[in-house]
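Peer 1: Structure incoming, see below.
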Amino acid sequence: MAKPEFAIRERVLTTLDSVCASEALRKSKRMRELLRYLVQESIERPGEPVTAEAIAASVFNRTNGFDAIDDPIVRTTVSRLRAALATYYEQEACEDEIEIRIPRGGYMPEFLPRMAKPPKRDRWEWLRANLWILNVASAVVALAALAIALSLGTDACRP
């Protein structure tokens, strides 16, 4: 796999900055560092897998005799990172052109093109925006009730 073109690389790095500054990752320095490390490794060494041992040494300062089976720090942090990325793309990312995703079963991120989604509308927004429809419907119902009452006239009031 060839290195990403400069323009794509720049968009990925811009997206990386947006994700790291997001509410989803704001509170976790460890996840931000992990994501930055994984993205940099993917850009600098495309196609080469990153091992849990390399991540543990570079991100978590666990070097001597790190065993991924006995110490699940890499797996659990990557799992939390996947969830944070999903939250970010669901709630915050409006204008990102690239989606950074870490597929299950590995640590290398994917960079996918992303269509900008319009912000979610709440369930009453349509009604507020189209209040005139409700007003017209209410007026029609009121006129129909008045017409029925007038057609019955005073005969309905007589014993």
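The values are calculated or read from the model by the stated rules, or taken from the named source; none is laboratory data. Predicted, not measured: the structure shown is a model, and the values here were computed from it. For the accessible areas, the whole protein counts, side chains as well, though only heavy atoms, and no ligand, DNA or RNA atoms are used. Shrake-Rupley method; radii C 1.70, N 1.55, O 1.52, S 1.80 Å.
Peer 1: For the stretch 1-59, report the % of Cα-Cα distances exceeding 14 Å.
Peer 2: 59 percent
Peer 1: Through the Karplus equation 6.51 cos²θ - 1.76 cosθ + 1.60, θ set to phi - 60°, convert the phi angles of the stretch 43-56 into ³J(HN,Hα) values in whole Hz; use x for Gly and Pro.
Peer 2: Going residue by residue, I get 6, 7, 10, x, x, 8, x, 9, 8, 4, 5, 5, 5, 4 Hz, with x marking Gly and Pro.
Peer 1: Separate question: Amide H of Val50 versus every other amide H placed in the peptide plane: which residues, excluding those fewer than 5 positions away on the same chain, fall under 5 Å?
Peer 2: Tyr107, Met108
Peer 1: Now, a different point. Considering only protein heavy atoms, with the full assembly of protein chains and a 1.4 angstrom probe, order Ser58, Ser42 by accessible area, largest first.
Peer 2: Order by accessible area, largest first: Ser58, Ser42.
Peer 1: Can you work out ³J(HN,Hα) from phi for every residue in the stretch 28-40, in order, using Karplus 6.51 cos²θ - 1.76 cosθ + 1.60 and θ = phi - 60°, giving whole Hz and x for Gly and Pro?
Peer 2: Ordered by residue, 3J(HN,Hα) equals 10, 4, 4, 5, 4, 5, 4, 4, 4, 4, 5, 5, 4 Hz.
Peer 1: Which order do Met108, Met31 take when ranked by solvent-accessible area (1.4 Å probe, heavy atoms of all protein chains), largest first?
Peer 2: From most exposed to least exposed: Met108, Met31.
Peer 1: Ok, one more. Taking the stretch 30-110, how much of its Cα-Cα pair set, in percent, is spaced more than 21 angstrom apart?
Peer 2: Here the tail beyond 21 Å accounts for 28 percent of pairs.
Peer 1: Separation of the stretch 12-66 and the stretch 76-118 by C-alpha centroid, Å?
Peer 2: 13 Å
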